[in-house]
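The values are calculated or read from the model by the stated rules, or taken from the named source; none is laboratory data. Since we're looking at a predicted model, the values are computed, not measured. In this analysis, Cβ positions are derived from the backbone assuming ideal geometry, glycine residues included, and neighbour counts consider all displayed protein chains. All accessible areas refer to the heavy atoms of the entire protein, side chains included, with ligands and DNA or RNA removed. Shrake-Rupley method; radii C 1.70, N 1.55, O 1.52, S 1.80 Å.
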Amino acid sequence: MNKHKLLAKIQGIEILPGSHIYDEIHVLKANNEQLVMEMNGKYHKPKEIRRYLQEITGRSIDDSVTVSQPFYTDFGKHISFGKDIFINQNVTFVDLGGIVIEDHVLIGPMCRIISVNHLVDPKKRRGLSVASVKIEENAWLGANVTILPGVTVGKNSIVAADSTVTKDVPENVIVAGSPAKVIKEI
């Protein structure tokens, strides 16, 4: 299956162990893990990092994108980067459900953007559900922020350090806490 068409196929369904799609996901994931380990195994210049990210995502990465090492992603094929993005070190993307990073976004160290969750039903707990995450233009995620599945962080908004975002963040606000709540308009 085309890796970019996989996202459309899995949105809104339960992905259960032993299913064809579950197995296919894990094959793609294993291939991605090798590339991520190569990228993080030693120092690379920014141009080399972008080359690795192009191979990991299967998409073109603009020369204005800066990603510090190490950078982690479990799946890789469902990440979309805009332009003029800065991602600090030790950031993790769990992207099977899709992660879109728009232009001019800043992501602080040790952030986690998660688009996958396990199922609530104990009998299906090893299964997965997915929901895309979007970080809109000029948003800033402070250090150690966690963004959970299905969340959109609005344009120009700031997520304060150590926050956990469980719901959409409106445009032009600062949110903080766990769960994150609006504390100020910009």
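In the range 150-179, what residues are part of a loop (DSSP other than H, G, I, E, B), among the aliphatic types (A, V, I, L, M) and either in contact with a Pro (Cβ under 8 Å, 6 or more places away or on another chain) or crowded, with 22+ Cβ neighbours inside 10 Å (or both)?
Residue satisfying the conditions is VAL151 alone.
Just to verify a result, which residue in the range 1-24, among those that are in contact (Cβ under 8 Å) with a residue 40 or more places away in the chain and open to solvent by less than 30 Å² (accessible area, probe 1.4 Å), is nearest to PHE71 (Cα to Cα)?
Out of the qualifying residues, it is LEU6.
Which residue, of ASN138, ASN88, ASN117, is open to solvent by 70 Å² or more (accessible area, probe 1.4 Å) and in contact with a strand residue (DSSP E or B) (Cβ under 8 Å, 6 or more places away or on another chain)?
Details: ASN138 fails: in contact with a strand residue (DSSP E or B) (Cβ under 8 Å, 6 or more places away or on another chain); ASN88 fails: open to solvent by 70 Å² or more (accessible area, probe 1.4 Å).
The match here is ASN117.
Can you find even one residue in the range 25-35 that is loosely packed, with under 12 Cβ neighbours inside 10 Å and of a type in the set (Lys, Arg)?
No, that holds for no residue.
Look through LYS83, LYS77 and report the one residue that is surrounded by fewer than 23 Cβ atoms within 10 Å (Cβ to Cβ), assigned to a loop (DSSP other than H, G, I, E, B) and modelled with pLDDT under 95.
On the way: LYS83 fails: modelled with pLDDT under 95.
Answer to the selection: LYS77.
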